[in-house]
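*Asks:* Would you mind keeping the following structure in view while I ask a few things?
The values are calculated or read from the model by the stated rules, or taken from the named source; none is laboratory data. All values reported here derive from a predicted model rather than from experimental measurement. Note: ideal-geometry Cβ built from the backbone for every residue, glycine included; neighbour counts use all protein chains shown. With ligands, DNA and RNA removed, areas are computed over all heavy atoms of the protein, side chains included. Shrake-Rupley method; radii C 1.70, N 1.55, O 1.52, S 1.80 Å.
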Amino acid sequence: MSNTATAMPVLEERHSGFNHGYRMKCECGGTSYISAADYHAEQTVDALMPCDHCDRTIHFGPAVAALRDQDDPALDNARINRLAWYHTSASHDWPSMTYSSERREQLLAGARRLHLPADRVNYYVERELSLALHVGTYEAAIENMLRRMRDQDDAASQFYLHRVSLTVDPVRVDGGCRDENDESAAKLATIDLRTAGLDAVRYLNVHECAGSLSLAVLPETINGVQTIGLPVASLAPAHPASLLNLLDRVQRRLDDLRATAPDTLGHRAAPAPHDAAWRCT
Ligand SMILES: [Zn+2]
């Protein structure tokens, strides 16, 4: 793991795991719970569930996903800076200082393929380059990576998990949370936040880790980042050379002993057919 900050503060973790259930909205205004097992078993059948509050049937899915936890700590502006936030990307040094120039070339090539008018190319490129940064729960970050691997030709990409510390001004965070279904939270540009006088906008995820909260933030609110490559090959440190040398010497000594006294080390030669061990008694 690498640190881009001199020191990361102690951060509060809130891992919920991947076997969580979901809450779905009904037209009556209530929300009802569906387990992860039922959600995934039924979503390709009829995607219907009963409402806990009225006689209606809910057609569940991202369009009606609701906040999973009414007491989600991320709802408290004063706690945002104390929480560990996560992001996955194919960039080791996210948010990279060179990202903008590299991404600009990709966007210009895309604009050329789309035959966009010249006056729209600049707007399109500048808008894409100024998108706010997004952080969320550990589970949302991992699910985002898996979606990219499945849907965006990133199946073979090297991904990195970034653990993020924020320094937002609590009074410069939008109240409540926006809904990915209703507002373009995923496409918020930094100019949108600056114009509104905000450091961060909180929004409800409905596609990844549905029902959890993510933040769109200004780049300068990122206080520190810890990064680790995925998948994690090993968390155990490599053995020191002195230990490897010692083990090598011990192994050589054992080999010598086996060669000179095989019977005492469990390497007894197979008995000949006339030996007692082969006789039936
Ligand atoms: Zn209802």
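*Asks:* Return yes when residue 196 is touching a strand residue (DSSP E or B) at 6+ places or on another chain (Cβ under 9 Å), farther than 24 Å from residue 106 by Cβ and not charged (D, E, K, R) and no when it is not.
*Replies:* The answer is no for residue 196.
*Asks:* In addition: Looking only at segment 156-179, which residues are open to solvent by 50 Å² or more (accessible area, probe 1.4 Å) and either assigned to a strand (DSSP E or B) or modelled with pLDDT under 95 (or both)?
*Replies:* Once the filter is applied, which keeps residues that are open to solvent by 50 Å² or more (accessible area, probe 1.4 Å) and either assigned to a strand (DSSP E or B) or modelled with pLDDT under 95 (or both), segment 156-179 yields 156, 158, 175, 177, 178.
*Asks:* Among 197, 224, which is closer than 22 Å to residue 81 by Cβ, more than 23 Å from the chain's Cα centre (by Cα) and open to solvent by less than 70 Å² (accessible area, probe 1.4 Å)?
*Replies:* From the options 197, 224, the qualifying one is 197.
*Asks:* Right, here's the next one. Just one of (1) within 27 Å of residue 221 (Cβ to Cβ); (2) assigned to a helix (DSSP H, G or I) trips up residue 111, so point out which.
*Replies:* Result: residue 111 passes all but (1).
*Asks:* A further question follows. So the check is Cβ under 7 Å with 6+ separation or different chains; which pairs have a first residue in segment 161-179 that's of a type in the set (S, T, N, Q) and a second one that's in a strand (DSSP E or B)?
*Replies:* From segment 161-179, the pairs are 165/223; 165/224; 167/223.
The rows are residues; the columns are (1) within 16 Å of the ligand (Cβ to nearest atom); (2) touching a residue at least 60 places away in the same chain (Cβ under 8 Å); (3) aliphatic (A, V, I, L, M).
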residue	(1), (2), (3)
56	yes, no, no
66	yes, yes, yes
75	no, yes, yes
107	no, no, yes
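*Asks:* With respect to residue 21, is the statement that it is more than 30 Å from residue 93 (Cα to Cα), near the ligand (Cβ under 10 Å from one of its atoms) and among the small types (Gly, Ala, Ser) true?
*Replies:* The answer is no for residue 21.
*Asks:* Residue 27 - would you say it is more than 16 Å from the ligand (Cβ to nearest atom), without any contact (Cβ under 8 Å) to a residue 60 or more places away in the chain and either surrounded by 14 or more Cβ atoms within 10 Å (Cβ to Cβ) or acidic (Asp, Glu) (or both)?
*Replies:* So residue 27 fails the test.
*Asks:* List the pairs whose first member sits in segment 131-155 and is assigned by TED's automatic domain parsing to the domain that holds residue 90 and open to solvent by 30 Å² or more (accessible area, probe 1.4 Å), whose second member is of a type in the set (D, E, K, R) and in a loop (DSSP other than H, G, I, E, B), and whose Cβ atoms are under 7 Å apart, counting only residues at least 6 apart or on separate chains?
*Replies:* Partner pairs satisfying both residue conditions: 143/208; 144/208; 147/208; 148/154.
*Asks:* Give segment 114-128 a look and list any residue that's more than 20 Å from residue 189 (Cβ to Cβ), open to solvent by 100 Å² or more (accessible area, probe 1.4 Å) and in a helix (DSSP H, G or I), or say none.
*Replies:* None - no residue of segment 114-128 is more than 20 Å from residue 189 (Cβ to Cβ), open to solvent by 100 Å² or more (accessible area, probe 1.4 Å) and in a helix (DSSP H, G or I), so the list stays empty.
*Asks:* Something else about it: Kindly provide the set of residues from segment 225-265 that are modelled with pLDDT of 80 or more and not in a helix (DSSP H, G or I), ordered by number.
*Replies:* 225, 226, 227, 228, 229, 230, 231, 232, 240
Yes/no matrix, rows are residues, columns are (1) out of contact with any helix residue (DSSP H, G or I) (no Cβ under 9 Å at 6 or more places or on another chain); (2) more than 27 Å from residue 216 (Cα to Cα); (3) open to solvent by less than 60 Å² (accessible area, probe 1.4 Å):
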{"site": "38", "(1), (2), (3)": "yes, yes, no"}
{"site": "64", "(1), (2), (3)": "yes, no, yes"}
{"site": "73", "(1), (2), (3)": "no, no, yes"}
{"site": "81", "(1), (2), (3)": "no, no, yes"}
{"site": "85", "(1), (2), (3)": "no, no, yes"}
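*Asks:* Right, something else. Within segment 87-113, which residues are modelled with pLDDT of 80 or more, under 22 Å from the mean Cα position of the chain (by Cα) and open to solvent by 60 Å² or more (accessible area, probe 1.4 Å)?
*Replies:* 92, 93
*Asks:* Only residues that are of a type in the set (Ser, Thr, Tyr) and more than 15 Å from the chain's Cα centre (by Cα): list them for segment 127-164, please.
*Replies:* 130
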